[in-house]
Amino acid sequence: MMNKGSHSFDVVVMGAGVAGTTAAWLFASRGFRTALVEARRLGQAGARWVNGMPMRVFDEVGLERPSGEELLDTGVDTHMFDHSDRRIFTSRNNPMCNVDMSLLVDRLHELAKRAKVEVFDSVRLDGVEFEGERPRQVRLRLPHKGAVTLRGQLFVDATGMLGELRRRVPALQRDCPSLRTGEVCTAAQMVLEIKDKAGARDQLAQWGVEAGETVNWLGVEAGYSTRMISFDSNLDHAHIVTGNVLSPGGKNGLAMAREVQERYRFFGSVVRSGEGLIPIRRPYERLGVPGAVLLGDAACMVYSAHGSGVGTGMLAARALVESVAEGEDLGSLESVWAYEHRFHQGLGAMLGSVAVATQMFRQLSSSQVDMMVRHGIFGVSTFESGLSLKTPLPTPDLAFGLARLSAAAPALGARVALGGSMVAPVAGAYRLHPRAVSPRRWRLWARMVRGLMGGSA
Ligand SMILES: Cc1cc2nc3c(=O)[nH]c(=O)nc-3n(C[C@H](O)[C@H](O)[C@H](O)COP(=O)(O)OP(=O)(O)OC[C@H]3O[C@@H](n4cnc5c(N)ncnc54)[C@H](O)[C@@H]3O)c2cc1C
C-alpha cells in the first residue's frame with residue numbers, strides 16, 4: 001500500500017529484511033502505528049538464501065517455528081576437517097536449523113501486514129529532516145516519481161550493513177564509523193544439483209561422511225575464512241557456504257564457492273545462490289540517539305565468528321520493542337538508552353567477546369588456523385557453543401588444545417592464549433554499560449570497551 005503526501009507514525013522502520021520486519025511486526029502487534037520502508041520490492045527484501053540459526057531464537061522472539069518448505073533441515077551432523085581432509089571431530093548436537101530465508105522473510109512480511117504495518121516499498125530515501133539533532137521525518141521518492149514524507153517518534157535503521165540512516169544522522173555517525181575492509185566478510189551460498197550420485201558417494205566414502213551430513217574447513221584462504229558443503233540425504237542436492245574476510249586481492253566468497261563447484265565433478269547446475277557482505281566487527285557502542293536506533297547488520301549485530309546475523313537481529317528486534325514500548329515517547333533519550341543498555345548487557349556482551357576471537361583470526365594465516373584446528377583448539381563443545389550463539393567460554397577441550405598447540409608452536413599458542421584471555425574482560429566491560437542516562441559515563445564506558453578491543457572506535 002502506498003500513498004503520496006505526508007503520514008504520521010509512532011515508528012518508521014527502514015529496511016524490510018529479517019531484523020526490520022521482526023521489529024515492525026512486534027511494534028504493530030503492541031498497537032503502535034508502524035511504517036515499514038523498503039528500497040527493493042517487498043518480495044525481494046532481505047536475505048534470500050539459506051541461513052542457519054538456532055531454533056530457540058523463534059521461541060524467544062515469539063514467532064512460530066519454521067516448518068514445511070521453510071525448514072530445510074535441523075541438527076545436521078557436521079565434520080570438521082583440516083586442510084589435508086583429515087577429520088578432526090564430528091558434531092552430533094548441532095543446534096542450528098537451516099531456513100529458506102525468502103520464505104521466512106515473506107512470512108514475517110505477512111505477519112507485519114496482518115498487524116497493520118503500512119508498507120512503502122521500492123522507494124528511495126531522499127532525505128532526513130531534523131528538529132535540532134533529532135530526526136523527525138524522512139522524505140521518500142516513490143517508484144513513479146511521487147514523493148512521500150513519513151513523520152515518526154522513532155526511526156529504526158535496519159537497512160543492513162551500509163546503515164543508510166546511520167550515515168545521515170550526525171549524532172549516530174559520530175560514534176559509528178564506516179566499516180574498514182578487514183571488518184567485512186564476503187560470503188556466498190549455493191545450492192547445487194548433484195548430477196553424478198555415484199561420484200558423490202565415492203567422495204563421501206573417501207571422507208568417511210554419510211549423505212545428509214556437512215563437511216567444514218576453516219582458514220582455507222585467509223585466517224578468517226570458511227568452506228562448508230552439506231549433502232542432502234538423497235544426494236539430490238548439496239549446499240555450499242563460503243566466506244572470506246574482505247581484503248585487497250583476497251578471494252571473495254563467490255569465487256571460493258565456484259572453486260568448490262568446479263573441483264568436484266559430481267556437481268551439476270546451480271539451483272539457487274546468493275552472495276553478499278557481512279559486518280564482522282563488534283556491534284557499535286552507540287545504538288541509539290533521540291529519534292533513531294540501529295538494528296541488525298546496520299548495528300553490526302552479527303555473531304562474527306561465523307557471520308551469523310539472522311538470529312541476533314531478530315533477538316535484538318524483540319529487545320528494542322520491549323525496551324522502548326513503555327515510554328511516553330518511543331524515541332526519547334531515555335527510551336533509546338534503555339534499548340542500548342539492554343542490548344549491551346546481553347547480546348552485546350556476547351557479540352563483543354566473540355569479536356575478540358574474530359579479530360585474532362583475521363590476523364592469522366591460513367596455515368596457522370589449520371594448525372589450530374589440527375591441535376584441537378576447536379573441539380566439539382567450542383564448535384557447538386558457537387553455533388548456539390553463546391559467549392565463547394573456556395572449555396576443557398579448548399584448554400587441552402591450547403596446551404598441545406603451545407607445545408608444538410609456542411608463539412602461536414601464546415597469541416591464541418592472549419586473544420582468549422580477552423574474552424571474559426570484554427564481556428564484563430559490556431555489562432558495565434551505564435543503566436542511567438549519563439553521556440559522561442557513556443564516554444568512559446565506550447573508551448574502556450574500545451581500549452580492550454584494540455583502541456578503534
Ligand atoms: C551468503 C551469506 C550467507 C549468510 N549465512 C548466514 C547464516 O547461515 N546464518 C546467519 O544468521 N546469517 C547469515 N548471513 C548473514 C545474514 O544474512 C544477515 O546478517 C542478515 O540477513 C541481516 O539482516 P538485516 O535485516 O539486518 O539486514 P538485511 O537482510 O541486509 O536487510 C536490509 C534491508 O534494507 C533494505 N534497504 C537498504 N537500504 C535501504 C533504504 N535506503 N531504504 C529502505 N530500505 C533499505 C535492503 O534492501 C534490505 O532489504 C549470511 C549472509 C550472506 C551474505
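Values quoted throughout were computed directly from the atomic coordinates according to the rules given, and no laboratory measurement underlies them. What you are looking at is a predicted structure, and each value in this text was computed from that prediction instead of being measured. Glycine gets a Cβ as well: all are built from the backbone with ideal geometry, and neighbour counts include every protein chain shown.
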Notebook entry, point to check: What does the charge dipole of the stretch 182-279 about its Cα centre add up to, to the nearest 20 debye, if the Cβ of each Lys and Arg holds +1 and the Cβ of each Asp and Glu holds -1?
Noted result: 180
Note to self: Based only on other Cβ atoms within 10 Å, what is the fewest-to-most ordering of 136, 48?
What the structure shows: 136, 48
Next item on the list: Grab the Cα-Cα distance for residue 406 and residue 145, subtract it from 0.36 nm times how many residues apart they are, and report the gain in nm with one decimal.
Entry: 87.6 nm
Margin query: Show me, for the stretch 185-191, the HN-Hα J-couplings you get by feeding each phi into the Karplus relation (A = 6.51, B = -1.76, C = 1.60, θ = phi - 60°), rounded to Hz, glycine and proline as x.
Written below: 10, 9, 10, 9, 9, 9, 9
Check: Nearest-5 percent of antiparallel DSSP beta bridges in the chain?
Finding: 70
Checklist line | Overall dimensions of the stretch 291-393 by Cα: Rg and Dmax, Å | finding: 16.6, 56
Next item on the list: May I ask you to evaluate 6.51 cos²θ - 1.76 cosθ + 1.60, the Karplus curve with θ = phi - 60°, for each residue of the stretch 252-262 and list the ³J(HN,Hα) values in order in whole Hz, giving x for glycine and proline?
Entry: 8, x, 5, 4, 5, 5, 5, 4, 4, 4, 6
Checklist line | Förster radius 45 Å - calculated FRET efficiency between residue 381 and residue 4 (Cβ-Cβ, nearest 0.05) | finding: 0.20
Next item on the list: List 181, 21 from most exposed to least, where exposure is judged by having the fewest other Cβ atoms within 10 Å.
Entry: 181, 21
Next item on the list: May I ask which of 195/251; 195/390; 113/145; 113/251; 116/390 have a Cα-Cα span longer than 32 Å here?
Entry: 195/390; 113/251; 116/390
Next item on the list: Can you grab the distance from the C-alpha centre of the stretch 395-425 to the C-alpha centre of the stretch 28-100, Å, no decimals?
Entry: 31
Check: Based on the inverse mean of 1/r over its pairs of different Cα atoms, what is the Kirkwood hydrodynamic radius of the stretch 162-245, in Å?
Finding: 15.5
Notebook entry, point to check: Amide H neighbours of residue 280 under 5 Å, counting only residues 5+ apart in sequence or on other chains, H built in-plane at 1.01 Å?
Noted result: 184, 185
Item checked: Mean separation of Cα contacts under 8 Å, 6 or more apart, over the residue count of the chain: relative contact order % -> 17
Item checked: Dipole axis of the chain (+1 Lys, Arg; -1 Asp, Glu on Cβ), positive-most option in 255, 296, 6 -> 6
Check: Which order results if 326, 38, 210 are arranged by neighbouring Cβ count within 10 Å, fewest first?
Finding: 326, 210, 38
Checklist line | Rounded to whole Å, sorted largest first: equivalent-ellipsoid semi-axes of the chain, Cα gyration tensor | finding: 38, 27, 18
Margin query: Check which residues have an amide H placed less than 5 Å from residue 120's amide H, if you skip close sequence neighbours.
Written below: 36, 37, 38
Notebook entry, point to check: Dipole of the chain (Lys/Arg Cβ +1, Asp/Glu Cβ -1, origin at the Cα centre): which of 386, 61, 177 lies farthest to the positive side?
Noted result: 177
Checklist line | the stretch 223-303, relative contact order in percent, only Cα pairs under 8 angstrom and at least six apart counted | finding: 18
Note to self: With θ taken as phi - 60° and the coefficients 6.51, -1.76 and 1.60, list the Karplus ³J(HN,Hα) couplings across the stretch 347-352 in order, rounded to whole Hz; mark glycine and proline as x.
What the structure shows: 4, x, 4, 5, 5, x
